[in-house]
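Here is the structure we will look at, set down as structure tokens.
Read the figures in this text as sums done on the coordinates, not as results from a lab. None of the values given here were measured: they were computed from a predicted structure. Heads up, the Cβs are rebuilt from the backbone with ideal geometry, glycines too, and the neighbour counts pull from every protein chain shown.
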Amino acid sequence: MTDRAVLVTGASRGIGRAVATAFAASGDRVAIHHRDSADAAEELRAQLPGAGHVVVRADLTDPEAVRAMVDRAAELLGGLDVLVNNAGVYGDRDDPHPIFGASYEQWQQRWRQVLETNLTGAGNVTWCAAQHMRERGGRIINVSSRGAFRGEPAQPAYGASKAGLNALGQSLAVALAPYGIGVATVAPGYVATDMVTEHLRGEQGAAIRAQSPFDRVARPEEIAAAVHWLASPQAEWASGTIVDLNGASYLRS
């Protein structure tokens, strides 16, 4: 059992919820971040094993709100030992923005929306959290996507944001190692979260599952298990790595 102070962004549902649960189950105290899901965040807090869990809120596109949120999490938890950058937006799966399918205005709007949350927002959270880890060390784990490698032709801003997150993680793995801060990244493929339930049940479901030779998609708990290990003391030598979690649906050299 451990007793660390852990901040998980986008923790009210999906992968973030599973990640928060995994840390709490091992004895850690978790700050559950959300943007506009207060009820879901409070419900999760009440359900987490252990004590000392808190809920914090911020729109990650607002730099000052990010700073206030991270500082509040550190205040409530007595510092920060682990940051999991999980929050992100994909965009509407039924409203893609391919380069020849969107107006110039739509194109710009989607890039601003996605990059400000997935990359700039994560970068700002990381800067703020690192200030609290500088003297005590810690772990930063980013949740990226296989889309950073295979591309996202219908949602190019998403793919680019996750590629940027990969580069951010590797840059900071080098920069923060002298301070005892390890940085690693997981890159999931399709994961069975509430956001994709309709797609998995619909006509596309069989094709999505068939992308993996296991003929299924990942469970949030599988992603959470990898995140939890990468944040452990035993995983310091994995700093700088990007772990593919896509069930062999996309292989890269």
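Using the beta-carbon distance between Met1 and Thr241 and R0 = 25 Å, what value does 1/(1 + (r/R0)^6) give for FRET efficiency, to the nearest 0.05? List each step's numbers first, then the result.
Details: r = 26 Å, r/R0 = 1.03.
FRET efficiency, Met1 to Thr241: 0.45.
What ranking do 137-149, 59-71, 118-130 get when scored by the average of other Cβ atoms within 10 Å per residue, highest first? Write out the running numbers ahead of the final one.
On the way: 137-149: 24.3, 59-71: 18.3, 118-130: 22.2.
Those peptides, ordered most packed to least, come out 137-149, 118-130, 59-71.
Considering only C-alpha atoms, what is the centroid distance from region 29-93 to region 136-203, in Å?
Going from one Cα centre to the other spans 18 Å.
About its Cα centre, how strong a charge dipole does the chain have in debye, to the nearest 20, once Lys and Arg get +1 and Asp and Glu get -1 at the Cβ?
On the way: 23 positive and 27 negative charges, 106 e Å.
Charge dipole of the chain: 500 debye, to the nearest 20.
Looking at the calculated P(r) for region 135-236, what percent of the C-alpha pair distances fall above 19 Å? Before the final figure, lay out the partial values.
Numbers: 2738 of 5151 pairs.
Counting every Cα pair in region 135-236, those more than 19 Å apart make up 53 percent.
With runs of 4+ DSSP H residues as the only contributors, calculate the mean residue ellipticity of the chain at 222 nm using -39,500 (n - 2.57) per run, divided by the residue total and rounded to the nearest 500.
-13000 deg cm²/dmol
State, to one decimal in nm, how far the label point of Tyr179 lies from the label point of Gln47, with both points 7 Å from Cα in the Cβ direction.
Here the answer is 3.5 nm between the modelled labels.
Return the FRET efficiency for the residue pair Glu221, Glu105: r is the Cβ-Cβ distance, R0 is 30 Å, and the value is rounded to the nearest 0.05. Let's see the in-between values first.
Values: r = 40 Å, r/R0 = 1.34.
Taking R0 as 30 Å, the efficiency between Glu221 and Glu105 is 0.15.
Find the relative contact order for the chain and round it to a whole percent, using C-alpha pairs within less than 8 Å whose residues are 6+ positions apart.
On the way: 494 pairs, mean separation 47.5, N = 253.
Reported relative contact order: 19 percent.
By average Cβ neighbour count within 10 Å, what is the ranking of 202-210, 16-24 from highest down? Display every interim value, and only then the final one.
On the way: 202-210: 12.3, 16-24: 26.0.
Top of the packing list down: 16-24, 202-210.
Sort Leu76, Leu172, Leu7, Leu115 so the one with the fewest other Cβ atoms within 10 Å of its own Cβ comes first.
Leu76, Leu115, Leu172, Leu7
Using 0.36 nm times the number of residues separating Arg252 and Glu198, minus their current alpha carbon distance, what extension gain do you get? Please report the intermediate quantities before stating the final value.
Numbers: separation 54, 0.36 × 54 = 19.44 nm, distance 2.89 nm.
That works out to 16.6 nm of additional length.
Going toward the positive end of the dipole of region 45-195, with +1 on Lys and Arg Cβ and -1 on Asp and Glu Cβ, which of Pro63, Ala163, Gly121 do you reach last?
The one lying farthest along the dipole's positive direction is Ala163.
Roughly what % of DSSP beta bridges within the chain run antiparallel, to the nearest 5? Kindly include the intermediate steps, with their values, before the conclusion.
Values: 0 of 26 bridges.
Close to 0 percent.
How big is the chain by the Kirkwood estimate over distinct Cα pairs, in Å? Walk me through the intermediate numbers first.
Working: mean 1/r = 0.0547 Å⁻¹.
Value: 18.3 Å, from the Cα pair sum.
In what sequence do Arg72, Arg29, Arg252 fall when counting other Cβ within 10 Å, fewest first? The partial results should precede the final answer.
Details: Arg72 17, Arg29 21, Arg252 11.
Taking fewest neighbouring Cβ atoms as first place, the list is Arg252, Arg72, Arg29.
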